[in-house]
Amino acid sequence: MGRLVVRRILHAVWVILAATTLTFVLLHTAPGDPFAAMVENSRMSEATRARLRHVHGLDRPIGEQYLRWIANVARGDLGHSTSQGRPVSDALAEAIPNTLVLMGTALVLSFAVGVTLGTYQALRRGTVSDRVLGTVALAFYSLPDFWLALIAVLVFAYRLRLLPAGGVVTLLVHDQLGFWGRAGDRLQHLVLPALTLTLLTGAGIARFQRAALLDVMGEEFVRTARAKGVPERSIVRRHLLRNALVPTITLLGLALPSLLGGAAVIEKVFNWPGLGLLAVNAIATRDYFLVTGSVIAGSAAVAIGSALADVLHAAADPRVRGPAR
Amino acid sequence: MTVLDRHASPTMPTAMRRHTRSAALALVALGSLACGRPDGGRAEPSADSTGSTADAGGTIVIAAQEPDALFPPAIAGIPGKALSDLMFDQLAMIGPGLNTTGDAGFEPRLADEWTWAPDSLSIAFHLDARARWHDGRPVRADDVRFSFIAYTDPDAASPHAESLVGIDSVTVRDSSTAVFWFRRRMPEQFFQAVYHMSIMPSHRFRDLTPSQYATSEAARSPVGSGRFRFVRWTPGAAVEVIADTGNYRGRARLDRVLWSATADPSTMFTRLVTGDADFMERIGPEVLAQVPRHADLRVHHYPGFSYAYMAFNLTDGASSRPHPVLADRELRRALTRALDRDAMVKNVWESLAVPALGPFVRAFASADTTIPQLAFDTAGASRTLDSLGWRDPDGDGVRERNGVPLAFTIIAPTSSPQRGQYAVLIQEQLRRIGAKVTIDMLEFNAFLERLKGGRFDAQMGFAMMDPTPATVRQFWGSLATRSKGLNSGSYTSRVFDAEIDSATTAFDPGAAITHYRRGYAAVVADAPAVWLYEPSPAAAVHRRIQVTGMRADAWWAGLADWSIAPGQRIDRDRIGLAARP
């Protein structure tokens, strides 16, 4: 197990390096730069833009820029954000916790909902409830994330006025609340974005879990257990779920990148100041260092999540660990 | 605030140029200063610019994009500029007429009076003795000198340094007098000195080098002298400023402005209709139709300061050879006449824009609404094309001449749906006279690359203006072609260049206007572009908020005088100015 963990960490480092290098090269070879948007502003002349490019070292060869950047990253300096006027590390330090809260909540809820629904459907295969739930799950699975988010805002924030439309807290009011009031306020703001992500991801997990469970239900050891008179509840808990969870754990690793990608859209719609919104804005403004910094953070989260899924998979399935020595 | 004496233009005899405040104001100020005050001796204003502050109060939440910075020299975007203008003052403020020649119309701010040198190569600004930084310290001439350095030092890398290029230096005559020294006498030297430069407290940056200013803690937690003071900036969420109750210009009529960072326009409007926000600076046509459905909201129109155009490339791609189709002036005029610009404006913008009249905006004093336009006339345009030899002998719907088809490509940025819609309408209207147009929608940066390289036939351009009409040279002047400026179509006109040169060197505002208008007329007649629309921006605003003083170049200019009647206040209006974490 220890070797597996080390191997996964090394792999994660390579993934992060490759992702950020590719991002750096693509960004710098794409048209435009952080000061291009000033072009239509008559107050900013071409000479001013050229001077700003020089000050930020963007007029140097891309190889030199990359080596300089990578050396700075190795020293822990992710650079200075041109769109935010502050160190990239500061911007990330504020955004990452928000994304972790949103993603973490959505991840836990979507697996809880998905596994429960999938199991329920598999155990009632072919019934009306299975068909209805399957159709509903398929519908949510097929919906565009931004559309579902907008509908959620329209219904719960605008029509019913039950929940806030966006943000992390209620501005001005939040600071005047007590501890529990603040906690409740944060929770209120978390509901819609987390619910949207949960519905989108949970629907996929439910379909996956149902299929995995149905596969296992056809296995000989299940039939044997039944023939031996093992109670159905015990069969489900000890034989079916345990075996069906192995591919679902794999799905955990796969769900992280899509959750992170989905979070970018959800964060934009719900004005949630997380990593996704930060990256989207940074790309729009060609904020090179902030984009690469966001990619480092995002790819690290995905690599760590995938490694964690691999380790959990290995823990759940001894065959993955290979022969014992 | 008490009205001060008018200030003279530099064309007046120098002996008459020193102005002093009225005796009445002096008495009020002295009386005020004599009183002991709990906030570091700051003068309580006698009244604000619109009347009593007894009913001051309320909070406005503005849904807008997050500022890029709050340190004035480092700011490149509108949100940062708006917020910093609430917290920082200039020496004088441009008047509602937006005159940029001499000092006519400029209103005192940190400087309560100014004196021109006999040779007009320097201006001495006397600072208002009542002016204090928000930390209680007095505003001194040394702060003015520091501000000039912060804007112009190469290490500070301010995007505004070039706007101050006509100023040689700023010196301190005494603690309350700063002297601006100019490289040469210019009609707009006063405008240059006061419009672009906010005055900042030198003591907050004392131990820093210019390269450290913009990234310092002092830059992110600004201390200014404006009618609002900084409270906090929660990145990704909001910037909060509150009324500076002892401000020398009078207390703001609102308690608080909360600049709520919202990246997406549709999210901004959602926040408005759910009551999370009160104000959205600019709405699109799709939102304009929705506002009346919400009883709490209303639309507030204000003057625009930009225009859009379709510029023709007069050269063949990146080369200096004439364009095989569009280099012909008469052909461009015919194409312009084939376009129904009035109908296009209504189609795309409803009431949120008017047809542009030329390379200027209506808010300019030099704007000429009588300038002869190339009126819509499809039949006339067709006749002109016939006479130029552009015919359609094979009947395929596309005219040609000497084997060259009347065809070209319009490039437009995907960032502007309106410009994309215009491109489609233009394509259809030009099809009717036998011109084949293809449209290439490009990501904004790719669009800019094509402009810089001259790799286009026609482009859907947009110009955000500065109060000085001199910026017209950057878009249409011979010295601003391609990499040297924004004249991507390489239009050149000796008449235009000469008239604008004369306008920018004329000390008499009337003469300057005459030259500008002649220059505009020359461009319009040459038709290097089709003048498409001039946005008439509209804000969506909560009904309880009384909006005033939205200027074309700065919609936020009068924000300190916006108000909420006591009887209409909601919960967040009653929070007050209590200390907040």
(request) Kindly check whether there is at least one residue in the stretch A:49-60 that is at the interface with chain B (Cβ under 9 Å from one of its Cβ atoms), in contact (Cβ under 8 Å) with a residue 60 or more places away in the chain and over 23 Å from residue B:451 (Cα atoms). (result) no
(request) Please go through the stretch B:375-404 and pick out each residue that is touching a Lys or Arg at 6+ places or on another chain (Cβ under 8 Å) and among the charged types (D, E, K, R). (result) B:377, B:391, B:392, B:399, B:400, B:401
(message) Can you confirm whether residue A:12 is within 7 Å of chain B (Cβ to nearest Cβ) and at pLDDT 80 or above?
(response) no
(message) Quick check on my filter: what residues within the stretch B:437-470 are among the β-branched types (Val, Ile, Thr) and surrounded by 20 or more Cβ atoms within 10 Å (Cβ to Cβ)?
(response) B:437, B:468
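Condition check ((1) under 25 Å from the mean Cα position of the chain (by Cα); (2) under 30 Å from residue A:282 (Cβ atoms); (3) in a loop (DSSP other than H, G, I, E, B)) across all residues:
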position	(1), (2), (3)
B:163	yes, yes, no
B:181	no, no, no
B:192	yes, no, no
B:246	no, no, yes
B:249	yes, no, yes
B:253	yes, no, yes
B:257	yes, yes, no
(message) One residue is enough: does the stretch B:76-91 have a residue meeting the conditions within 14 Å of chain A (Cβ to nearest Cβ), buried (at least 23 other Cβ atoms within 10 Å of the Cβ) and of a type in the set (A, V, I, L, M)?
(response) yes
(message) Just to verify a result, which residue in the stretch B:214-244, among those that are more than 11 Å from chain A (Cβ to nearest Cβ) and modelled with pLDDT under 95, is farthest from residue A:269 (Cα to Cα)?
(response) B:218
(message) Of all residues being within 15 Å of residue B:364 (Cβ to Cβ) and part of a strand (DSSP E or B) in the stretch B:456-510, which is modelled with the lowest pLDDT? Just the residue, please.
(response) B:464
(message) Yes or no: the stretch B:116-127 includes at least one residue that is assigned to a loop (DSSP other than H, G, I, E, B) and touching a Leu at 6+ places or on another chain (Cβ under 9 Å).
(response) no
(message) Checking the structure you have, find out if any residue of the stretch B:419-437 is without any contact (Cβ under 8 Å) to a residue 60 or more places away in the chain, part of a loop (DSSP other than H, G, I, E, B) and not aliphatic (A, V, I, L, M).
(response) yes
(request) Return the only residue of A:155, A:88, A:169, A:115 being under 25 Å from residue A:259 (Cα atoms), within 14 Å of chain B (Cβ to nearest Cβ) and in contact (Cβ under 8 Å) with a residue 40 or more places away in the chain. (result) A:88
(request) Check residue B:95 against each of (1) within 30 Å of residue B:361 (Cα to Cα); (2) buried (at least 19 other Cβ atoms within 10 Å of the Cβ) and name the one condition it does not meet. (result) (2)
(request) Given the conditions (1) surrounded by 14 or more Cβ atoms within 10 Å (Cβ to Cβ); (2) of a type in the set (Ser, Thr, Tyr); (3) under 30 Å from residue B:508 (Cα atoms), report the number of the one that residue B:369 does not fulfil. (result) (1)
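Given B:143, B:155, which one is of a type in the set (D, E, K, R) and modelled with pLDDT of 95 or more?
B:143
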(request) Take the stretch B:361-401 and flag every residue that is in contact (Cβ under 8 Å) with a residue 40 or more places away in the chain, among the β-branched types (Val, Ile, Thr) and assigned to a loop (DSSP other than H, G, I, E, B). (result) B:361, B:371
(request) Collect the residues in the stretch B:274-317 that are in contact with a strand residue (DSSP E or B) (Cβ under 8 Å, 6 or more places away or on another chain), over 24 Å from residue B:549 (Cβ atoms), among the aliphatic types (A, V, I, L, M) and surrounded by fewer than 20 Cβ atoms within 10 Å (Cβ to Cβ), keeping them in residue-number order. (result) none
(message) Given the criterion away from chain B (no Cβ under 14 Å) and buried (at least 18 other Cβ atoms within 10 Å of the Cβ), identify the matching residue among A:139, A:106.
(response) A:106
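The values are calculated or read from the model by the stated rules, or taken from the named source; none is laboratory data. Quantities reported herein were computed from a predicted structural model and do not represent experimental measurements. Quick reminder, even Gly has a Cβ in these numbers, built from the backbone with ideal geometry, and neighbours come from all protein chains shown.
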